[in-house]
């Protein structure tokens, strides 16, 4: 996946400042994964949120404006499943896959979540606006081996 130039600048500034997505969560008042989605250009922020992000990263306020533009979502290869429910998980990974990967790597290091030592729970959450599906995934973290 080719990253946008603004994503590259934001990530470089984030790394240079030693700021985590969790730090940005405290500054912006939004969830860290959502903030990662903005940085990876999979979500858009309002001008106040965008300004908080770029200011925290020590960047010019002029960099905030592009973060308010609705992005073209989806950054993974286009192998599209046909089953509607499975497609929704594909769509979720298109939009949140890279931000989720970034947050996991930031918290655990370079590795993957096991799909073998793994649990998946689906809960029905009643909501007057329409019942919701709650999916919880819990997999053992597997760091990449160095040799």
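Any read-out appearing in this document is the output of simple, stated calculations on the displayed coordinates, not a laboratory observation. Note that the structure is predicted; figures quoted are calculated from it, not measured.
The table below gives the values:
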quantity	calculated
Size descriptor, Kirkwood hydrodynamic radius, that averages inverse alpha-carbon separations across the chain, Å	17.0
On Cα atoms only, tilt of 47-56 relative to the major axis of the chain in degrees	70
The chain: angle of helix 5-17 to the longest principal axis, Cα-based, in degrees nearest 10	80
Rounded, prolate or oblate (a/c below 1.5 giving rounded, otherwise prolate when a/b exceeds b/c) for the range 1-78 by Cα gyration tensor	rounded
Principal-axis tilt of helix 84-108 within the chain, Cα atoms, nearest 10 degrees	50
